[in-house]
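Reading through the C-alpha cells given below for one structure.
The values are calculated or read from the model by the stated rules, or taken from the named source; none is laboratory data. From a predicted model like this one, the values you see are computed outputs, not experimental measurements. Please note: Cβ atoms are built from the backbone with ideal geometry, for glycine as well, and neighbour counts cover all protein chains shown.
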Amino acid sequence: MTAIGFTDITKRFGATTAVDAVNLEIAPGAFCSLVGPSGCGKTTLLRIAAGFVQPDGGTVRLNGAAVTNVPPNRRDVGFVFQSYALFPTQTVAQNIAFSLAIKRRPRREVAERVGALCEMMRLQGLEARYPHELSGGQQQRVALARALISQPSILLLDEPLSALDAKIRAHLRVEIRRVVDALGITAVYVTHDQEEALSISDRVAIMNEGRLLQVDTPLEVYLHPADRFVANFVGSMNNLPCRVIDAESVDVGGVAVPVRNPGNGAGSHGSNAPATLSVRPEHVTLTPPGNGGVPAVLSAISFLGQTVRLSLATLDDRQLAADVPTVDWIGQPLEPGAAVAWSARAGLATVFPGAPDGLSSDGATAP
Amino acid sequence: MSGTPIGRRLPGALASLLIGLPVLLFIAVPIGAMLVRSLAVDHPMPLAELRQVTLEALDLLEPARREQAVARWSAAAKPRDRMEAVAAALELNGLDVPWDRKAPFDAQIAAAGTTLADLDAATRTAVEAAVPLAIVMLHKRIPLAFQVRDQLTAAAFDRLRSGQYRTYGLDHYLTVVREERMRNAAWNSLRLAAITTTVTTLAAFLLAFGINRGAVAGAQIARYGILIPLVSPPVVIATAAVLLFGRNGLVTKELLQDQLGLIDAGVSNLYGFSGVVLAQILSALPPAFIILDNVMSKQDGRLEEAAAIQGATFAQTFRRVTLPMAQPGLIRAATLVFILSMTDFGNPLVIGKDMPVLAGVLYDEMIGFSNTQLSSAVAVWLVVPAICVYVLLSRIGRRKRFETTEAGPSQIPVPGYVRATLSALAWSIIGFTAVIYATIVAGAFVKVWGQDFSFTPHHFTAVDAVPGFVSEYVGIEPVWISLRFALIAAPFGGVLAVAIAFLAERVRGLFNEVIAFLVLLPAILPGVVFGIGYIVAFNNPLGIKALSLNGTEAIVILNIMFGNVFVGVLAGRAMLRRLDSAVDEAAEALGASLLQRFAFVTLPMMRRAALLGTLYIFVDGMCTFSAITFLVGPDLDPASVAIFQTASVSYYGAACAMSVTILIIVFAVMGGLALINRHGPMSLRDRIESRQAVAA
C-alpha cells in the first residue's frame, strides 16, 4: 500500500497550468523530495496533498483512502510551512499543543506530549516564549514539533529551510531526516535546492512546468538523468552537439563517444540525427592525443580547491569543462594551449535528442 | 559655505524653520490655547475690587470730563439702578443690606429709601457720597471702558468691561459632573457611543474578513461600495434617514401609514436614539472598515491553513487564530468609532429630537453663548473616555501589529453559510447606502418633502420658488464658496505635506520629527477640538486685535489645510522610505542644493503622495464642517455649514441640492485623478517599477 498516491493530478490557475497530469506514488516511511525551479508546481502539488487546494482533475489517496474531497482538518497529515506560520498570539508551548487543544485532550496528557516534543526538538526552556522572540531556526523547530505532536502518518514540508541561512540549513535538514526516521513516518519535502534534496532523500522527484520528469534515488537521478532538463537541473553538465551513430554511440567532431541512451528517442531517428551529448565535468576523461579521444585544446586551468577545472575548447569552438581531483592533477605537465583529447567514462555520458540550443557547456543552463 | 559642517546643515535648518514655524503656529498653538482656555475660570469681582478698577479707569479721564460723566450717569440712573447702587454703597461702607434682595423691585426701592433715612447723619453722608461711584461701577462700566480704551491694555479693558477676574482651575471640567443637564447629556453620549462602537466595529470586522477571504461576492466592488460614504457632505445620512423614516418620511408616512395603515408616523418614526444610532453607524462604518480592511489584508493566510491542517474547523480557526490576530486592529477601530460618536453633534441635532448629547452641549455653548472656556473643557471631556478605552484595551493585547509582507489569504474555502451571511451583510449595507444617496438626489428635486412631491429644479437655481420657506440660502451659492476654499487649500497643503515628509525622512533631526508628530494631532483629535482651538488662538492673538483672523476666509482655509495635511505626510513618508535615499545622496554629490533636490528629485518621485494629500484636503475641504462651523462669520457661508443649518431647520430641499452638487464635484475630481493615474506618465513608471520587481 502506498502512503501517498497522486493519480493524474491537474490544477490550473487561470490560464496557467500549475500541475499537469502528475502521477506519483510514495511508499510508507519513505522520504521523498519534490524538486524543481520556482513555479514548477511542486508547492501546489504538496498543497493538494494537504487539501488546501482542490485539483481540477485526478485523485489523491492517503494511506489507500481517496481524500480528494476531504477538507484539510480531517486529513491525517502534518504540514510545515516555509514561513513557519506560528500563531503569534500564543506561546511556543501553546503553538505545539494546538492540535491537542483542539481535540480537548486532558491537560496532563498535553503537557507530557509537549514536553516530549520539546526535548526531541531541543526546545527546552523556550516553552513560554512567543514566536517573535525566537530565532529562525528555533521557530522552524517549533513548527516541526507542532506538526508532529498529533502523530500523523504523513509529514508534508514546504521549503521549510529556505528562509534560513546556509549553515543552519545544512544542520537542520539532517535533523529533520533524523526525526522523521525516528518516528517512522512518510515525508514529502519540497525544495528548490537540489543539493538539499539529494543529501537527505530516499527518492527525488524532479518537476518542471507542472510535469513530473523523473522519480528515482538521488544517485540514479544524478548519474542517469532521464530527461535533458533533469540532467541540467541537477549538478553541473556539459552539453555538446553531436550526431547519432547508433543506440550506444554518437559522433562528436569525427570521433565516436560511447553513451547511455535513456530511451527517449535519441536513437530512433536514425543515423546522423542531430543530438546532444551531456556529460558531467567529473566524468570527462583526458587521453593523450591520438588515442581515440575527441581532439580539443586546453584553454584554461582553474584551481578550485578540491578539484581542478580544465576548460577545453573543441575544434568547432565549443567549451567543455573537465574536472580532475587536485591530487590527480599534481605533476601533470599540461599547460594552457596544449592539444589534448577527451572522452567520457563508460555509461556516464547521456545522449538526448535534438541540438543543445540554449544549453551551455560550462556547467550552467543559460537563462 | 557648503564645506563647513554648519554650512551643510544650514539649508536644512532654514527649511525646517520655514516649514516648522507655520506648523507650530497653526497646529500646536491652537490646541495649546484651547487647553489653556479650558482651565480659565472667570469670577465676578468683589465689590471692593470693582470699585478700585472703576476708580482707576475714572482717573484716566480729564477731571472735567470725569465730573461731567459721573454727574450725567448718576442723574440718568433709573430707580432700580439707584437702589442697587445704594445697596453696594452700604456694603462698601461696611454695613449690611437690611432688605430682602429677592423681593420685588418696588419693595426694594422703597426699602432703600427708608434705610437711608434711618441712618445717622454722618453715615448717611458717607453712603450717599459713594452712590454715584457705585452707579458707574455697577451699570456704566462698559461706556466708561470704551471711553478710556486707548489708555488700557487689552486685558485691563476686558476686566473693566466684564467686571470679572480670571483664575485657572478645573471648574469647567467639574461642571460636566456637577450640572444635571450635562450629566444627562454625558450619559446619552456614552450610551450612544457604546452601542455605535459595538455594532460598527463588529460589522466592519465581518465585512473586512469577508472581503479579504473571498467570502463576499463581488469583493472588489463591495469594497468601493462600502467606502463611498467617506466622501459625503455632512449629515447626509441623517437627512436621508429623516426623509425616509421621519414624521413625514417616505417609508413611515407614505408607505406604512398611508398605504398600509400599519403605524402612525407621527409617533413611530426614527427620530431620537434609534435614528442617531443608525446615522452614526452608517457614518462610522467606512473609516472603521478602512482600518480593519488594512489589518485583514495583511494577515497571513498560512496561519489559518496551519490551524486547519491540525484539525481545527472553520469556527475553531476563527476563534483561536483569526480573532486574536485581529485584536490590535479591532481596538484601533473601536477607539476611532468611539471618538467619532462622542464628538458627533450633527446627527443628534438633525435626527435626535430632544435627546441632548455632550457634543450638542458643546455646540450650543459655542454658537449660542461663545463660551469658549466651557466648550473647551467639554471638548477635552469628549476625547478622554476614548483615550482611556484605548489605553485599557491595549494593555490586554501583547503586540501592536501582526503583519506580514508575504501575506496572501488562506486558500481553504469558507463554509457556505458563512459566505451567504457575509455576502448578504455586505450587499444589504451597500444597498441601504445606495437608497440613502438616491433619497438625497430625490430630495434635491422635490418641492416639499412629505407634502408636495412635485418636481422642481429650483433648489439649485437662484430663484426662490419654494413656497412657505424663508431662508437666506438661495440656490447652491455656498457650494462655490466651499469649492474656492478647497481649491486654495488643497494644492498648498499637498506641497506642504510632501515638504514635511521630505524634512522628516531625508533631512531628519529631532525638530523635524516633532513637526511630523504635530501634523498628526489633528488626525486623532476631533474636528471640534481643532475648530475651537482656532477661535481661541486667533480671535485676539497676543492681544493685538488687528491680527485677529476670526470670520475671515484665511482662518477657514488654514484650518482645512493644517487639519488634513497629515494624510499627505503619512503617504509621503511611506513612499520615501521605500525609495532609495541613494538617489537623493547622488543628487547632493552632483552639487544640487537642498531646494533643488527637493524640487527636481524628490517631488517628481513623490507625485502620488502629493496627489493623495491634495485630494484628501480637497475632499475634506468640501465636506467637513465640525471644525469650520465655529470659524465662519455672518458673511461666510461654506456649503458644509449651510447644509447642516438648512437640514437642522428642516429645509431639506436646499440641503439635498447642495449635497448633490458637492457629491458630483467630488466624484468628478476623484474620477479625473484616477484616469490620469491610469494613463499618464506616472503609470509608465509604475509599470517599469513593477516589471523590475518581478525580474528581481
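The single condition among (1) surrounded by fewer than 18 Cβ atoms within 10 Å (Cβ to Cβ); (2) over 28 Å from residue A:39 (Cα atoms) that residue A:131 does not meet is (1). For the range B:574-596, a residue qualifies if it is outside any helix (DSSP H, G or I), of a type in the set (A, V, I, L, M) and without any contact (Cβ under 8 Å) to a residue 12 or more places away in the chain, and the qualifying residues are B:590, B:592.
Among the residues of the range B:79-96, are any over 20 Å from residue B:48 (Cα atoms) and not in a helix (DSSP H, G or I)? No, the conditions are met nowhere in the range B:79-96. For the range B:252-287, which positions are in a loop (DSSP other than H, G, I, E, B) and touching a residue at least 40 places away in the same chain (Cβ under 8 Å)? Once the filter is applied, which keeps residues that are in a loop (DSSP other than H, G, I, E, B) and touching a residue at least 40 places away in the same chain (Cβ under 8 Å), the range B:252-287 yields B:270, B:271, B:272.
The rows are residues; the columns are (1) under 30 Å from residue A:194 (Cβ atoms); (2) under 23 Å from the mean Cα position of the chain (by Cα); (3) away from chain B (no Cβ under 11 Å); (4) acidic (Asp, Glu).
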{"site": "A:108", "(1), (2), (3), (4)": "no, no, yes, no"}
{"site": "A:115", "(1), (2), (3), (4)": "no, no, yes, no"}
{"site": "A:139", "(1), (2), (3), (4)": "yes, no, yes, no"}
{"site": "A:151", "(1), (2), (3), (4)": "no, no, yes, no"}
{"site": "A:165", "(1), (2), (3), (4)": "yes, yes, yes, yes"}
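Is it fair to say residue B:214 is buried (at least 23 other Cβ atoms within 10 Å of the Cβ) and either modelled with pLDDT under 90 or under 30 Å from residue B:298 (Cβ atoms) (or both)? No, not satisfied. In the range A:113-127 there is no residue that is part of a helix (DSSP H, G or I) and polar (S, T, N, Q). Take the conditions (1) hydrophobic (A, V, I, L, M, F, W, C); (2) closer than 30 Å to residue B:378 by Cβ; (3) surrounded by 15 or more Cβ atoms within 10 Å (Cβ to Cβ); (4) outside the structural domain of residue B:281 (by TED's automatic domain parsing); residue B:170 misses just one of them, which is (3). Report the residue count in the range B:296-321 for those that are part of a helix (DSSP H, G or I) and either within 14 Å of another protein chain (Cβ to nearest Cβ) or out of contact with any helix residue (DSSP H, G or I) (no Cβ under 6 Å at 6 or more places or on another chain) (or both). So the answer is 17. Which of the residues spanning the range A:27-61 are assigned to a strand (DSSP E or B) and closer than 24 Å to residue A:235 by Cα? A:31, A:32, A:33, A:34, A:35, listed by residue number. When each of B:344, B:293 is tested for being at pLDDT below 95, acidic (Asp, Glu) and not in a helix (DSSP H, G or I), the lone residue that passes is B:344.
On the basis of being facing another protein chain (nearest Cβ under 8 Å), within 22 Å of residue B:303 (Cα to Cα), touching a Pro at 6+ places or on another chain (Cβ under 7 Å) and aromatic (Phe, Trp, Tyr), does residue A:52 make the cut? Criteria met by residue A:52. Screening the candidates B:367, B:387 for the property of being more than 18 Å from residue B:180 (Cβ to Cβ), free of Cβ contacts under 8 Å to residues at least 60 places away in the same chain and part of a helix (DSSP H, G or I) yields one hit, B:387.
In the set A:86, A:62, only one residue is surrounded by 15 or more Cβ atoms within 10 Å (Cβ to Cβ), within 10 Å of another protein chain (Cβ to nearest Cβ), touching a residue at least 60 places away in the same chain (Cβ under 8 Å) and within 22 Å of residue A:176 (Cα to Cα); that residue is A:86.
Looking at the structure I just gave you, is residue A:41 away from chain B (no Cβ under 14 Å), buried (at least 18 other Cβ atoms within 10 Å of the Cβ) and at positive phi? When the stated conditions are applied, residue A:41 passes them. Report the residue count in the range B:313-331 for those that are surrounded by 19 or more Cβ atoms within 10 Å (Cβ to Cβ), in contact with a Ser or Thr (Cβ under 7 Å, 6 or more places away or on another chain) and either free of Cβ contacts under 8 Å to residues at least 12 places away in the same chain or under 13 Å from residue B:206 (Cα atoms) (or both). Number of matching residues: 1.
Any residue that is of a type in the set (Ser, Thr, Tyr) and free of Cβ contacts under 8 Å to residues at least 40 places away in the same chain - is there at least one of those in the range A:135-142? Taking every residue of the range A:135-142 in turn, at least one turns out to be of a type in the set (Ser, Thr, Tyr) and free of Cβ contacts under 8 Å to residues at least 40 places away in the same chain. The one condition from (1) in contact with a Lys or Arg (Cβ under 6 Å, 6 or more places away or on another chain); (2) without any contact (Cβ under 8 Å) to a residue 40 or more places away in the chain that residue A:108 does not meet is (1).
The rows are residues; the columns are (1) within 20 Å of residue A:346 (Cβ to Cβ); (2) under 14 Å from the mean Cα position of the chain (by Cα).
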| site | (1), (2) |
| --- | --- |
| A:209 | no, no |
| A:222 | yes, yes |
| A:232 | no, yes |
| A:277 | yes, no |
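Being touching a residue at least 24 places away in the same chain (Cβ under 8 Å) and touching a Ser or Thr at 6+ places or on another chain (Cβ under 7 Å) holds for only one residue in B:336, B:382, and it is B:382.
Per-residue answers, yes or no, for (1) in a strand (DSSP E or B); (2) touching a His at 6+ places or on another chain (Cβ under 9 Å); (3) among the charged types (D, E, K, R); (4) surrounded by 15 or more Cβ atoms within 10 Å (Cβ to Cβ):
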| site | (1), (2), (3), (4) |
| --- | --- |
| A:271 | no, no, no, no |
| A:277 | yes, no, no, yes |
| A:285 | yes, no, no, yes |
| A:302 | yes, no, no, no |
| A:324 | yes, no, no, yes |
| A:327 | no, no, no, no |
| A:331 | no, no, no, no |
| A:337 | no, no, no, no |
| A:342 | yes, no, no, yes |
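Residues are listed down the side, and each one gets a yes or a no for (1) within 20 Å of residue B:149 (Cβ to Cβ); (2) under 46 Å from the mean Cα position of the chain (by Cα):
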| residue | (1), (2) |
| --- | --- |
| B:63 | yes, no |
| B:67 | no, no |
| B:94 | no, no |
| B:102 | no, yes |
| B:109 | no, no |
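Can you spot a residue in the range B:235-250 that is more than 14 Å from every other protein chain (Cβ to nearest Cβ), of a type in the set (Val, Ile, Thr) and not in a helix (DSSP H, G or I)? Taking every residue of the range B:235-250 in turn, at least one turns out to be more than 14 Å from every other protein chain (Cβ to nearest Cβ), of a type in the set (Val, Ile, Thr) and not in a helix (DSSP H, G or I).
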